[in-house]
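In what follows, a single structure is set out as structure tokens and then discussed.
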Amino acid sequence: MADLPVSRVTQGRPFLNVGIDFGGPFSYKTGPRRNSPIDKCYMALFICMATKCIHLELVSSLSTAAFIAALDRFVGRRGLPHCIFSDNGTNFRGASSYLENIQRFLRESHPEITKHLLTQGVTWSFIPPSAPNFGGLWEAGIKSAKHHLNHVLHEQALNFEEFTTLLVRIEAILNSRPLCSLSSSPTDGIDYLSPGHFLTGAPLLARPDHEDVGSPLTVHQRWKLISQASNCFWKKWSRDYINTQMQRSKWTKSSHQLQVGDVVLIQAQATPPQAWPLGRIISLLPGKDQVVRVVGVRTQQGELIRPVSKLVPLPVS
């Protein structure tokens, strides 16, 4: 396997090198009234190539002016990037029509956007044709975001301000995901590194609000709709993220064994994944066949004995 690109390993501030992708179209209401006309909008996604920080912008249309405005908002809040990467339109020749529209927009707008970026010393690079793996970082980082956003919204159309607020809350959720342990020493405290550390120096900890299940939504309760949508997104996204970390080969071959010092999330009954406690493995308890199925774990509340099936190892690479 070849080395990672320079943009993936260059030390610097967040969003020095970014990848861009689009999601949509999504439906939104053009006004606050119930019978306000419905229009389409899109989601521009910026991901830092080194820290995996994510920035979301709501874009009113697939026009050069709308995208440049979103890009300027991103630059104003996150700083001027050195290089921007995006997919090549030919990657989506066999895709659905809305993806073709997005990529056609990128191709046709490329000269004007490039001119705008060059005035600020920014370069924009397309990945090679028929090489979607070159954009694997942003594809993996935002695939679940786009997928679950559709599930959260269902047929409910938010107005532009509500949609913008929901995207910002989703952005905080994605930037709160654990990347790796902060320390490899078994004697150190238990904590994890998240993209939020690079933005604010600490996890954003965008946990869901208290759910008010029985209250119906009315014109005066639009804020509850946003809270419920972001809560639903968090549950769906965190469940899928945890599942990706728990995938193990079954019956056919042995999986990677946990080791003393590994940092893990401990599943807790009737508790959402974002509230699961962190622990560090302090002992292995193999069975008669020398396969480790139970381990000792130290948490902030004390030491526990747990089966490995209830532990989720944090990514450490």
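The values are calculated or read from the model by the stated rules, or taken from the named source; none is laboratory data. Quantities reported herein were computed from a predicted structural model and do not represent experimental measurements. Positions of Cβ are backbone-derived with ideal geometry, glycine not excepted, and every protein chain shown enters the neighbour counts.
Can we say Asp21 is at pLDDT 80 or above and out of contact with any strand residue (DSSP E or B) (no Cβ under 9 Å at 6 or more places or on another chain)? Spelling it out, it is not the case that Asp21 is at pLDDT 80 or above and out of contact with any strand residue (DSSP E or B) (no Cβ under 9 Å at 6 or more places or on another chain).
Across region 24-68, the number of residues qualifying as closer than 17 Å to Pro195 by Cβ and touching a residue at least 40 places away in the same chain (Cβ under 8 Å) comes to 12.
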